[in-house]
Amino acid sequence: METVESISLYYKPTWVVAAVCFVIILISLFAERGLNHLGKCLTHSNQDALFEALQKLKAELMLLGFISLLLNVFQGLISQICIPSHFESTMLPCKKHTEIKGHENYSPPAINNERHLLSEKSGNFSDHCSLQGKVPLLSTESFHELHILIFVVAIVHVVSCAVILVLGRARIRQWKPWEDSISTVPAGPAKVTHRHHLNNVLKKLAWGYWRRAAVISWIISFFKQFYSSVTMSEYIALREGFIMTNCLSHQEFDFHKDMVESLERDFRHVVGISWYQWLFAVVFLALNVEGWHTYFWLSFLPIVLLLLVGAKLEHIIVRLAQDVDVMKKHPGQESAWVRPSDEYFWFNRPRLLLDFIHFILFQNAFEIAFFFWILWTYGFHSCMMEKKGYIITRLIIGVIVQVLCSYITLPLYALVTKMGTASMAELVSVPMQSPGII
């Protein structure tokens, strides 16, 4: 009886309650003030896209907090829901080893923090159901573990977003010297010579039967994303096509700065969590059944989709170069340039590739969060961790997907989709600035 009574705040010193609340409120205020200060810095530096991304990130964190609050509010009600004991024995993440009072009752052997008090508090609900020959739908301890999962998902989501932005900007920063080199080419004979050299590069990229064969072209594009996703000649060619099509009167247009802004707009999109991604998380939790190895097999889905998206983006560059080569064969088109079009994107929708990237990053982050949740809650040797070979493979794949997508695929998407009509609409909606300002 003493143990049960000690759970209630009736029998806790007031200074203990006040101290715990003070620490939690202090941490929350520091986080809230920090996010507000970051938002003000982004606003003062005219980083509108990043500010909107920050607002969306705060909204997602608030949603996770609201989910946690709902779990707390309805914890007692859900715990009183009783189900037949045989329902509890299906689709288990771990096998039960003991039988007590006619139905199996298993406690994982490798829990870091044993929560005996929580178990005793939930004993009342268990007694309520046991009188009916049933078991509770969820125990109090299960609710506590779900709270930990939500917290870990929130932390990993924030860290993943930071990695995406840092690596993406680092990659695009490497293209800045290319922008400077073409911007310093003076008008006149030097500009004509440069364009002639560029046309030869495009011709070399599109030349040959093997590059025109669909299968070979896709294979070349698949491997190109690993060693040379974007070359200087390709960057300049796409830049030239964008400027000649959209802002012919502004030859000094800062294409690189527009690229950075495009990356920030794409980042604003991938920060959010869509409804179908939450649906995937629920399905993922439902399929985590012992013996199915779902966690292991699903870890291959992000990297397969990522490599497919990267190959598609590289293949679009090749097809655009082939179009230029075809146009040059017509009279008067000797100096043709890359012409933006949605034709070579899947279903003529460049945005679809960003949706794939969005899903890839969320699934990868959720799987990493799920790994750390198991490690924190049940320990490294838990049956939910499965074999060490599976664990190492999942972690390696997770790191590869995060780095490859952030450093290669997302910046490549920001560049290639400048050849789509959506980029034209964005440019029209923004007043053209003078070369000195942009």
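The values are calculated or read from the model by the stated rules, or taken from the named source; none is laboratory data. Just so we're clear, the structure is a prediction, and the values are computed from it rather than from any experiment. Cβ: placed from backbone, ideal geometry, glycine included. Neighbour counts: every protein chain shown. The accessibility values were calculated without ligands, DNA or RNA, using every heavy atom of the protein model including side chains. Shrake-Rupley method; radii C 1.70, N 1.55, O 1.52, S 1.80 Å.
Numerical summary
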item	result
Largest-first ordering by accessible area, 1.4 Å probe, given options CYS161, CYS41, CYS82	CYS41, CYS82, CYS161
Chain lengthening between THR90 and ILE78 when straightened (0.36 nm per residue, less Cα-Cα)	2.4 nm
Neighbourhood charge, 15 Å Cβ-Cβ cut-off, centred on GLY34 and excluding it, Lys, Arg +1 and Asp, Glu -1	+2
Exceeding the 30 Å Cα-Cα cut-off - candidates LYS12/LYS58; LYS56/LYS257; LYS176/LYS312; LYS12/LYS96; LYS257/LYS312	LYS12/LYS58; LYS12/LYS96
The range 1-89: chymotrypsin sites (Phe, Trp or Tyr not before Pro) in DSSP coil with no more than 13 other Cβ atoms inside 10 Å	PHE74
The range 1-95 shape via C-alpha gyration tensor axes, a/c threshold 1.5	oblate
Computed accessible area, PHE151, all protein chains, 1.4 angstrom probe, square angstrom	110 Å²
Potential extension, VAL20-LEU131 segment - 0.36 nm per residue separation minus Cα distance	36.2 nm
Additional length obtainable on full extension of the chain from VAL159 to LEU64, 0.36 nm per residue less Cα span	32.7 nm
